[in-house]
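Data block below; observations after.
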Amino acid sequence: MIPASSPTLSPPPGWRWLVMPQVTSERHAIRALIGGFLMEAVTEIYQILISVGPVRTNPLGYYLSIAATLAGFYFLWRGLHEWNRLHPRPVPPAHRGVPWPTISMFGGGIVATALLNFGLGTVGGGDTPALLAWIIGGALVFAIGAWIHRLRAMVDPLQGSTGRVLGWAAFAWSLGVSMISGLALGQAIVGLFIDFFTNWPAMFLALAPFIFAIAPLFVTYGLLSIGYADAYRSASTGEDPVWPEGLPTSRRRTNGAR
């Protein structure tokens, strides 16, 4: 709750009203997250269609896909910002033990990427030392897996058994996709690094195997959106909106979300 005695602050520029999220309720945050999931899923499906299907890309389609990706991440940011304001994460203790979950996911990602490399061989160029490619793959497995796991766990208390199963299925699928795309990125990372400083068109072409390999994440986004719809029914509706920091006290309200 924001106390009534809070000092009046100067209003922000007008554009902030259009982009800064209002902190209103769990349902409001979940709606934004579902919108972001669906936008990202549509973009990933489009990437698959232009790669193997009858759809052929053009400059307009290319820029629209970029715009859709950015819009999807914007809605994800809005939803996460609001959710984290309603459910502040606890401050971790100063001294913690060995982060076994992190080590397990990162190390498991490296081992899984190595095994996939032995099974599939070269994916995406193969101009990188094998060990470095496996480490890059493990890092991507950890990054995507940890992110999806956090999204899954975030609404777990609000979900029924079906929503929880869908959340775990989304997490498992993301691990498989990130392992394959991590190998594609890892095997091309040296060439990408060189092209970044010398030849950007070649760099974008070299990214094609990675973009195609990561596109099946649309399944994860779809499963999450359905699971979040399950959580939406149990989420609190809130009352009046709490406006972003920096607004005059007279424009602020009390957060009624439970």
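Throughout, read-outs are computed from the coordinates displayed, never taken from laboratory work. Everything quoted here is computed from the prediction, not taken from an experiment. Using ideal geometry, Cβ is built from the backbone for each residue, glycine included, and neighbour counts are taken over all protein chains shown.
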(message) Just want the ordering: Leu70, Leu116, Leu76, Leu140, from fewest to most Cβ atoms lying within 10 Å of their own Cβ.
(response) Leu70, Leu116, Leu76, Leu140
(request) Calculate the spin-label point distance for Ile48 paired with Ala143, positioning each point 7 Å from the Cα along the beta-carbon direction, and give it in nanometres. (result) 2.3
(request) Would you mind ranking Arg233, Arg27 so that the residue whose beta carbon has the fewest other beta carbons within 10 Å leads the list? (result) Arg233, Arg27
(request) Would you pull out the residues with amide H under 5 Å of Thr24's amide H, same chain only if 5 or more places away, H placed 1.01 Å from N? (result) Val242
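Using the count of nearby Cβ atoms within 10 Å as a rough guide to exposure, how do Phe171, Phe204, Phe106 rank from fewest to most? Provide the component values of the computation, followed by the final result.
Details: Phe171 22, Phe204 12, Phe106 18.
Ordered from fewest to most neighbouring Cβ atoms within 10 Å, Phe171, Phe204, Phe106 come out as Phe204, Phe106, Phe171.
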(message) Using the basic label-point model (7 angstrom from Cα toward the beta carbon), what is the Phe73 to Thr237 distance in nanometres?
(response) 3.6
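Ordered by packing density, taken as the mean number of other Cβ atoms within 10 Å over each peptide's residues, highest first, how do 81-87, 183-189 rank? Intermediate values should be presented prior to the final figure.
On the way: 81-87: 18.3, 183-189: 26.4.
Result, highest mean Cβ count within 10 Å first: 183-189, 81-87.
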